[in-house]
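In what follows, a single structure is set out as structure tokens and then discussed.
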Amino acid sequence: MTDSVLIPVPVFIGPEPQDWLREAVIAGGGVEVPLTAAQAVVWFGFPHNFPALPRTVRWVQLPFAGIESWMDAGLLDASRTWTNGAGVYADTVAEHALALLLMGVRGLHTAATIQSWDPTRVGPAIGTLRGAIIGVLGAGGIGRALILMLRALGAEAIAINRSGRAVRIEGQPAIETIPVELLDSALRRCDHLVLAAPGTAATRNLVGARQLGLLRPHSWIINVARGTLIDTEALTLALTEQRIGGAALDVTEPEPLPDGHPLWALPNVIITPHVANPPHGIATLLAARITENVVRFGAGRELLGVVDPQLGY
């Protein structure tokens, strides 16, 4: 009886085969090969220079969770498995979302600007997340990570997802979960809203004038997902008229937000330039996912982050 020999997974790395990508592939039992000899592709780039794939390629690993540009380019087909970075950066993005929410609710953005001891200048009220109800639209990796953080601060979360299936996190009892079709009813109960859903044709302008009108005068809306989830014109009007407490946006529509856009001048708006996922941490986090998926591919197991081309995420 002879010991079984594991055959290295032949992987093409592109567009530039950086050392950390090679190391991640090798750690999973893969070997770097030319595209013509590959069964798998690890791509750390964008769609514009993505190559035509030979039939031998059965799996493609994409670098980020958002794949709108890949869908728009018509590159995702059903002849092979595509995986994205869903869940890879969940903790760091959720941390940014929480920071933005706390900054708005506690009035820190104003205090940092005015540098005054006069408490009346910070805003009409300094809020708290303790006892607040936070709607989390999108219950994937980011949403789940954020819900745990909110619980630690004494806030209650309502998960809003596509299916309405109960969300359980780390073995804890299911939190209240509402299907997106009932978004309006959920918003009537929420103090604040965090957007962590994918950007697809179905979610474009999911939060518009009507939904903003259901929020409260103290409500903050946080977007760390995609700018297309919010009707920017409706949001700008609601903020200008101070019908909601404020908005903290790491993503915008359009993006980047052009100089002179009204949102830049509003005192109840916080904007960060799409940095919820710090660039310096991407390699470490993505490398672990690549290694795990190479292992799984070689063993014939289910991959992590499998994309449904029909849903667009």
With the requirement that a residue be part of a loop (DSSP other than H, G, I, E, B), modelled with pLDDT under 95 and hydrophobic (A, V, I, L, M, F, W, C), what does the stretch 77-117 give you? A78, A86, W117
Counting only residues that are touching a strand residue (DSSP E or B) at 6+ places or on another chain (Cβ under 6 Å) and farther than 12 Å from T240 by Cβ, the stretch 254-272 contains a total of 2
Residue under question is V122, and the condition is that it be crowded, with 20+ Cβ neighbours inside 10 Å and free of Cβ contacts under 8 Å to residues at least 24 places away in the same chain; does it hold? no
Being within 25 Å of V105 (Cβ to Cβ), more than 15 Å from the chain's Cα centre (by Cα) and not in a loop (DSSP other than H, G, I, E, B) narrows it down to one residue among A287, A234; which is it? A234
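Residue by residue, here is whether (1) over 22 Å from the mean Cα position of the chain (by Cα); (2) surrounded by 19 or more Cβ atoms within 10 Å (Cβ to Cβ) holds:
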{"residue": "F44", "(1), (2)": "no, yes"}
{"residue": "F64", "(1), (2)": "no, no"}
{"residue": "S69", "(1), (2)": "no, no"}
{"residue": "L76", "(1), (2)": "no, yes"}
{"residue": "M103", "(1), (2)": "no, yes"}
{"residue": "L108", "(1), (2)": "yes, no"}
{"residue": "A111", "(1), (2)": "yes, no"}
{"residue": "W117", "(1), (2)": "yes, no"}
{"residue": "R144", "(1), (2)": "no, yes"}
So G281 passes all but one of these: (1) modelled with pLDDT of 95 or more; (2) within 16 Å of the chain's Cα centre (by Cα); (3) part of a helix (DSSP H, G or I). Which condition number does it fail? (1)
Condition check: loosely packed, with under 13 Cβ neighbours inside 10 Å and touching a residue at least 60 places away in the same chain (Cβ under 8 Å). Does A201 satisfy that? yes
Kindly indicate whether L21 is closer than 27 Å to E302 by Cβ and not in a loop (DSSP other than H, G, I, E, B). yes
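The values are calculated or read from the model by the stated rules, or taken from the named source; none is laboratory data. Quick caveat: nothing in here was measured; it's all calculated off a predicted structure. Glycine also receives a Cβ, built like all others from the backbone with ideal geometry; neighbour counts cover every protein chain displayed.
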